[in-house]
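Notes for the one structure printed next.
The values are calculated or read from the model by the stated rules, or taken from the named source; none is laboratory data. This is a predicted model, so every value here is computed, not measured. Heads up, the Cβs are rebuilt from the backbone with ideal geometry, glycines too, and the neighbour counts pull from every protein chain shown.
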Amino acid sequence: MDRLLSHKDQINTQMARYGVKFGIYKNGEFLERLFPFDPIPRKISATDYEKLEKGLIQRVNALNVFLTDIYGAKKILGDGIIPEEFIYRSPGYLAALENYTPPKEIYSHISGIDLVLGKDDEWYILEDNLRIPSGASYPLIARSLCRKCSPDTFRNNGVVDNRNYGNLLSDTMNNVNTGGINVIFTPGRFNAAYFEHSFLAEQSGAVLAENSDIYVENNRVYYRSSNGPVRVGAIYRRISDEYLDPLTFRADSLIGIPGLIAAYRAGNVAIINAPGNGVADDKGIYYFVPKMIRYYLDEEPILSNAPTYLPYYEEDLKYTLERFDDLVIKDVAEAGGYGVVFGKDLSGTEREEFIARIIAQPRRFISQEIIDFQDLPILDGEGVIDRKADLRAFVLSGSTTKVWPSGLTRFSRNPDSFVVNSSQGGGFKDTWIMSH
Amino acid sequence: MIKLKFSYETSIRFSDDVTNHAFLLRCFPMDIPGQKVESMTHTNYPIVTGGQYSKDGFGNVIYTGRIDRSHSSMEYKISGVIVRDDSEAEYEKAMPCYKYPSELTYGNGQMQVVLDSLRVHGSDIDKAHRIADYINKTMEYMPGSTNVATTAAEAFGEKKGVCQDFAHIMIAMCKMEGIYARYVSGITVGEGETHAWVEVWQDGYWYGIDPTRGCDTDETYIKLCVGRDYNDCPVERGIFNGNALQSQEVFMKVSYEKEEEPMPA
């Protein structure tokens with residue numbers, strides 16, 4: 001272990017050389033920065049993981065049934081479990097995908113579920129990412145570099161091998177492939193996650209393609225290979241819904257595939273993840289996920305949400321205003337750690353204005369108890385410091401739903417920050433699932 | 001029941017040659033109870049590769065295709081015979097999204113003030129009529145005063161617009177009253193340009209109301225497509241390679257199929 005820790009700098013240098021970078025847009029500017037790696041792993045015991053795995057599979061299965069229901073029969077609305085407006089006022093809902101069910105009723109093939117471990121040793125779900133959850137490549141490449149620096153560490157410590165991600169990914173694509181090759185569709189090298197796109201293509205054996213490589217004819221999707229056109233049966237797209245097809249969504253998108261949605265609706269290609277998933281992973285819908293699990297699966301949720309209140313309900317609004325200083329308030333329309341406000345940090349007119357916004361548009365906000373989650377040790381110079389950390393678990397829905405026995409552990413840059421989103425600075429760790 | 005002959009043509013000119021042109025057309029009369037397509041022909045120029053008909057999320061027929069080779073114009077023409085019979089309309093459930101604002105149909109405080117002063121009451125259809133009547137009387141029809149991106153609120157503020165704006169405002173105000181309302185793009189007996197109106201859903205049926213002309217729709221109206229607002233219903237969308245500006249001409253004609261036959265002497 002000491003051997004591994006002593007290689008921190010070499011590993012980071014190697015990653016920089018590989019181009020393991022993280023890009024963000026801030027104030028209209030594209031910034032690229034390295035995503036610092038900390039060599040002290042997060043360890044999850046076998047018994048702890050067993051519960052996590054069951055709970056994650058249950059949650060993702062329920063979310064897939066929910067999406068099938070929302071774009072189909074809409075029973076959960078008819079039965080009054082979720083108020084309609086949480087669907088139809090959500091920017092993630094796409095009417096263009098109504099009256100169509102994707103292959104095998106899978107919408108979220110690759111789900112990134114963010115959790116934290118509370119000081120009570122319980123895992124809490126922070127959010128579901130069902131659109132384009134990124135980050136699997138970071139622990140994958142970090143693990144392989146660590147393994148090179150210190151092979152014994154992995155031999156002696158009983159760490160579950162995580163090198164199967166590429167296979168899981170190709171199984172997931174093959175399961176819904178309608179006939180043809182698998183493609184990873186990237187907006188190109190200026191995208192924040194371009195490194196990951198190329199890395200995952202290599203790992204899964206899929207072809208990495210940009211929009212000039214792909215076209216639609218006869219409602220079928222083709223890849224322009226050096227040997228002529230090749231049918232595409234599954235597209236793992238790494239661009240967001242609104243840019244996906246300029247004939248259906250944003251007409252000014254120059255990075256999309258014109259005609260893709262018509263081909264998809266004709267059943268001639270699978271899109272991974274399905275467009276329209278945003279309706280299931282916004283912060284407002286998060287509140288309802290435990291109810292979905294009970295409604296669709298007739299099971300009790302294995303993993304808990306952070307205690308959440310919906311100001312949409314009068315009782316919850318009252319509670320939110322009364323306990324304002326103890327709560328974190330989130331704007332449901334924002335992602336990536338933006339739009340997150342701690343009640344105690346607001347004062348004066350700022351506070352009054354924010355409260356007025358909640359009262360005026362209660363549906364736009366959720367409030368949550370601040371979870372006191374566990375710190376993880378981070379190597380800092382010669383010593384060790386503590387930082388808040390979360391875990392993004394990757395759940396892949398192929399012929400069955402599986403959890404990748406690894407994950408992305410992110411830690412905050414500042415000691416007092418509870419926000420551990422990679423868009424907000426900070427770094428990452430490897431996540432070891434222990435075999436015992 | 002009436003039979004209508006229709007033809008609809010569009011020609012698009014590009015200021016320079018374009019290639020790799022992918023497009024989507026949404027201009028085929030709907031084939032639904034009450035509006036049966038008896039016959040239809042559709043031609044394109046230049047030759048389209050891989051054109052396919054399918055349906056969008058709202059159930060509208062769409063045609064997607066590509067023109068790969070260099071071209072400086074594109075034309076498409078649809079013609080045929082439609083049988084209209086409103087008594088054939090069938091019970092249907094409305095998509096819940098028709099009750100909530102879309103990008104171009106958000107209401108605002110100004111509209112709320114008007115709704116309060118109108119004191120709309122009665123059935124949803126009664127309320128919708130009151131709203132349509134208000135729009136018809138207070139809005140000025142002025143081509144060129146708005147564009148396809150103009151929202152209901154913007155047109156309402158300016159008090160002028162075209163059929164599309166009249167429809168958007170009516171939809172926005174209906175939704176503020178909790179009424180299911182949708183945008184219809186279509187053609188009507190006569191010649192010239194396409195038209196747009198509103199349908200309001202009550203007790204399982206859609207009722208057509210035309211706020212621009214201030215009337216209910218009748219069997220002289222042919223629906224091409226429906227959606228939440230204009231964004232769901234553009235007749236054509238395309239994307240191509242080439243630095244060209246495009247201009248477009250649309251011509252439609254709808255007439256009764258049977259000319260009056262001379263009475264036997």
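One line per residue, one yes/no per condition, for (1) in contact with a Leu (Cβ under 9 Å, 6 or more places away or on another chain); (2) part of a loop (DSSP other than H, G, I, E, B); (3) at pLDDT 90 or above:
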residue: A:Arg392; (1), (2), (3): yes, no, yes
residue: A:Ser406; (1), (2), (3): yes, yes, yes
residue: A:Arg410; (1), (2), (3): yes, no, yes
residue: A:Arg413; (1), (2), (3): no, yes, no
residue: A:Ser417; (1), (2), (3): no, yes, no
residue: A:Lys429; (1), (2), (3): yes, no, yes
residue: A:Trp432; (1), (2), (3): no, no, yes
residue: A:His436; (1), (2), (3): no, yes, no
> Hey, among B:Ser185, B:Ser102, B:Ser117, which residue is surrounded by fewer than 17 Cβ atoms within 10 Å (Cβ to Cβ) and either modelled with pLDDT of 95 or more or not in a loop (DSSP other than H, G, I, E, B) (or both)?
Replying inline: B:Ser117
> Name the residues in the range B:167-184 that are within 28 Å of B:Thr10 (Cα to Cα) and touching an Asp or Glu at 6+ places or on another chain (Cβ under 9 Å), would you?
Replying inline: B:Ala167, B:His168, B:Ile171, B:Arg182, B:Tyr183, B:Val184
> Applying the selection to the range A:183-221, what residues are among the acidic types (Asp, Glu) and out of contact with any Leu (no Cβ under 9 Å at 6 or more places or on another chain)?
Replying inline: A:Glu196, A:Glu210, A:Asp213, A:Glu217
> Quick one: in the range B:186-226, which of the residues that are aromatic (Phe, Trp, Tyr) and more than 15 Å from the chain's Cα centre (by Cα) is nearest to the other protein chains (Cβ to nearest Cβ)?
Replying inline: B:Trp201
>> Please pick out the residue among A:Ile125, A:Ile141, A:Ile113, A:Ile106 that is crowded, with 17+ Cβ neighbours inside 10 Å, closer than 13 Å to A:Thr431 by Cα and not polar (S, T, N, Q).
In response: A:Ile141
> B:Gly107 fails exactly one of the following numbered conditions: (1) buried (at least 17 other Cβ atoms within 10 Å of the Cβ); (2) in a helix (DSSP H, G or I). What is the number of that condition?
Replying inline: (2)
> Any chance the range B:227-241 includes a residue that's more than 14 Å from chain A (Cβ to nearest Cβ) and farther than 24 Å from B:Met142 by Cβ?
Replying inline: no
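Residue check: is A:Ala142 out of contact with any His (no Cβ under 6 Å at 6 or more places or on another chain) and within 14 Å of chain B (Cβ to nearest Cβ)? Break it down into steps so the answer makes sense when it comes.
On the way: out of contact with any His (no Cβ under 6 Å at 6 or more places or on another chain): yes; within 14 Å of chain B (Cβ to nearest Cβ): no.
No.
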> Given the conditions (1) surrounded by fewer than 20 Cβ atoms within 10 Å (Cβ to Cβ); (2) at positive phi; (3) over 22 Å from the mean Cα position of the chain (by Cα), which single one is not true for A:Gly339?
Replying inline: (3)
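Considering the range A:83-117 alone, what residues qualify as being hydroxyl-bearing (Ser, Thr, Tyr), part of a loop (DSSP other than H, G, I, E, B) and more than 14 Å from every other protein chain (Cβ to nearest Cβ)?
Once the filter is applied, which keeps residues that are hydroxyl-bearing (Ser, Thr, Tyr), part of a loop (DSSP other than H, G, I, E, B) and more than 14 Å from every other protein chain (Cβ to nearest Cβ), the range A:83-117 yields A:Tyr107, A:Ser108.
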>> Just to verify a result, which residue in the range A:263-272, among those that are surrounded by fewer than 24 Cβ atoms within 10 Å (Cβ to Cβ) and in a loop (DSSP other than H, G, I, E, B), is nearest to the other protein chains (Cβ to nearest Cβ)?
In response: A:Ala266
>> What's the total number of residues in the range A:252-262 that are part of a helix (DSSP H, G or I) and more than 9 Å from chain B (Cβ to nearest Cβ)?
In response: 1
> Which residues, taken from the range A:1-52, are at pLDDT 90 or above and not hydrophobic (A, V, I, L, M, F, W, C)?
Replying inline: A:Asp38, A:Pro39, A:Pro41, A:Arg42, A:Lys43, A:Ser45, A:Thr47, A:Asp48, A:Tyr49, A:Glu50, A:Lys51
>> Show the residue pairs meeting these rules: Cβ distance below 7 Å; 6+ apart or different chains; first residue within the range A:37-61 and part of a strand (DSSP E or B); second residue among the acidic types (Asp, Glu).
In response: A:Pro41/A:Asp430
>> Quick check on A:Asp120: is it surrounded by fewer than 22 Cβ atoms within 10 Å (Cβ to Cβ), away from every other protein chain (no Cβ under 14 Å) and assigned to a loop (DSSP other than H, G, I, E, B)?
In response: yes
>> Out of everything in the range A:226-251 that is touching a strand residue (DSSP E or B) at 6+ places or on another chain (Cβ under 8 Å) and over 23 Å from A:Ile132 (Cα atoms), what residue ends up being farthest from the other protein chains (Cβ to nearest Cβ)?
In response: A:Val230
> Does any residue of the range A:71-82 turn out to be away from chain B (no Cβ under 14 Å), of a type outside the set (A, V, I, L, M, F, W, C) and assigned to a loop (DSSP other than H, G, I, E, B)?
Replying inline: no
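Conditions tested, residue by residue: (1) at pLDDT below 95; (2) aliphatic (A, V, I, L, M); (3) under 22 Å from the mean Cα position of the chain (by Cα); (4) over 22 Å from B:Met252 (Cβ atoms).
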site	(1), (2), (3), (4)
B:Ile47	yes, yes, no, yes
B:Ser54	no, no, yes, yes
B:Gly57	no, no, yes, yes
B:Gly65	no, no, yes, no
B:Ser70	no, no, no, yes
B:Ile82	no, yes, yes, no
> Quick one: would you say A:Arg294 is outside the structural domain of A:Tyr107 (by TED's automatic domain parsing) and more than 17 Å from A:Tyr93 (Cβ to Cβ)?
Replying inline: yes
>> Tell me which strands (runs of 3 or more DSSP E) are completely within the range B:12-82 and hold 1 or more residues being away from chain A (no Cβ under 14 Å), or say none if there are none.
In response: B:35-45
> Which number in (1) within 26 Å of B:Gly57 (Cα to Cα); (2) part of a strand (DSSP E or B) marks the one condition that B:Ser247 misses?
Replying inline: (1)
